[in-house]
Amino acid sequence: MRPRIAIDAMGGDVGVRVMVAGAALARHRHEGFQFLFVGDEAQIKDALKTHPNLSAAAEILHAEDIVSGDAKPSQALRGSKKTSMGLAVAAVKSGAVSAAVSAGNTGALMAISKLALRTMPGIDRPALAALLPTMKDSDVVMLDLGANAECDSRNLVQFSVMGAAYSRIMHGFEKPKVKLLNIGTEDGKGTGALQGAAEALKSADGLAMNFQGFTEADKISTGDVDVIVTDGFSGNIALKALEGTARFVTDLLKRSFLSSLRSKIGFLISRPATELLKEHLDPNNHNGAVFLGLNGVVVKSHGSADEKGVANAVEVAARLVEDSILERISEDIKKISNAAPLEASAK
């Protein structure tokens, strides 16, 4: 299936120029990609002039308005029929495109996507999932990263199924190792929601995952687990802590290397290693968070992403479409629904 992807060209810190450049880079890597750029037609046409490789693969849908970075979800919903973000998601709903990518307001994008696309059968709430770097070769899938502040056992079980499906596509694992984020690894630790989810996952048969109980936050980056599941409140805090720690380490190294002549010489000697570290921690290499559980593929690019980051987000969207993420989740949700009769939470 050749993906056609809607790009919210007006989102992000830079906007049209970077979104178009990122799509061009993705198109250079994958000639089959097709795009629908949504936003101010004049600006998009101007940006496309410097990327002739997109001319035969791009269409433009003019949007009168944009969703501002500080807009509340309720505001974004009211004006969604005229904004670039709203029209990009609407194109997914109508079937005009296979997926949508936006670097705009996260809360607004979630609200618009949930209202337009609705949740899949058997899914109570969508979750925001992302790939985070680890000490090993493969990234870890973590969800929820902020879509749902409070979650019950049923939500966590569904997140586990969705995260495992995402990991199978992105890493090719037959049965990804899945753990719930907790304050300890012992069976008696954690909230009732965590305990209920763990029991349901342990008792479920035939799922394409290897559930291994609980993990703690200091193990997120070890690479010993493929999928880490938590509520959106804890997940967002953990994500911000990881991002802050990465910045702290890189800034500390930079300051240390500039502190003296001897340190500067040491930097020159160790530069290959520091460049490798920089590349590994570069958020653009892991850009592209996904709203899992909706009847359509919507990918959130980081607002500060450069063209490499946007290209990565586009490639994530295409990969999920090509490998049928919705069908994979649907199949496993049917299995878990029969095995885990937990109380449903309100949508």
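The values are calculated or read from the model by the stated rules, or taken from the named source; none is laboratory data. Values in this document were obtained by computation on a predicted structure and should not be read as measured data. Note: ideal-geometry Cβ built from the backbone for every residue, glycine included; neighbour counts use all protein chains shown. For the accessible areas, the whole protein counts, side chains as well, though only heavy atoms, and no ligand, DNA or RNA atoms are used. Shrake-Rupley method; radii C 1.70, N 1.55, O 1.52, S 1.80 Å.
Add -39500 (n - 2.57) for each DSSP H run of 4 or more in the chain, then divide by its residues: what number comes out at 222 nm, to the nearest 500 deg cm²/dmol? Please report the intermediate quantities before stating the final value.
Numbers: 11 runs with 160 residues, N = 347.
Per the formula, -15000 deg cm²/dmol.
State whether region 75-217 is rounded, prolate or oblate according to the following rule on the C-alpha gyration tensor (a ≥ b ≥ c being the square roots of its eigenvalues): a/c under 1.5 gives rounded; otherwise a/b larger than b/c gives prolate, and the remaining case gives oblate.
Numbers: a/c = 2.10, a/b = 1.80, b/c = 1.17.
Cα axes put region 75-217 in the prolate bin.
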Once the other residues with Cβ under 14 Å from the Cβ of Ala241 are scored (Lys, Arg +1; Asp, Glu -1), what is the net sum?
0
When the accessible area of region 18-122 is split by element with a 1.4 Å probe, what percent falls to carbon and sulfur?
52
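Pairs to check: Lys114/Lys179; Lys45/Lys254; Lys177/Lys308; Lys93/Lys335; Lys82/Lys334. Give those whose C-alpha atoms are more than 32 Å from each other in this structure.
Details: Lys114/Lys179 26 Å; Lys45/Lys254 40 Å; Lys177/Lys308 29 Å; Lys93/Lys335 26 Å; Lys82/Lys334 37 Å.
In this structure, Lys45/Lys254; Lys82/Lys334 exceed 32 Å between Cα atoms.
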Average accessible surface area per residue within region 1-56, 1.4 Å rolling probe, Å²:
48
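Given a 1.4 Å probe, how much area per residue of region 83-227 is accessible, in Å²? The partial results should precede the final answer.
Numbers: 5140 Å² over 145 residues.
Here the per-residue accessible area is 35 Å².
Is region 100-165 best put as rounded, prolate or oblate by its Cα gyration tensor, with a ≥ b ≥ c the root eigenvalues, rounded for a/c under 1.5, and otherwise prolate when a/b is larger than b/c, oblate when not?
On the way: a/c = 1.97, a/b = 1.24, b/c = 1.59.
Oblate.
Using the membrane-span-like helix rule (whole DSSP H runs, Cα extent along the own axis of at least 30 Å, mean Kyte-Doolittle hydropathy at least -1.0), which helices of the chain qualify? Intermediate results must be reported in sequence, preceding the final value.
On the way: long enough: 232-257 (37 Å, 0.24).
For the chain, where a helix must reach 30 Å along its axis and average at least -1.0, the hits are 232-257.
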Among Leu109, Ile66, Leu54, flag the residue with its Cα farthest along the positive direction of the charge dipole of region 1-143, charges on Cβ as +1 for Lys/Arg and -1 for Asp/Glu.
Leu109
Cα gyration tensor shape of the chain, rounded if a/c is under 1.5, else prolate or oblate by comparing a/b with b/c:
oblate
About the Cα centre, charge dipole magnitude for the chain (Lys/Arg +1, Asp/Glu -1 at Cβ), debye:
440
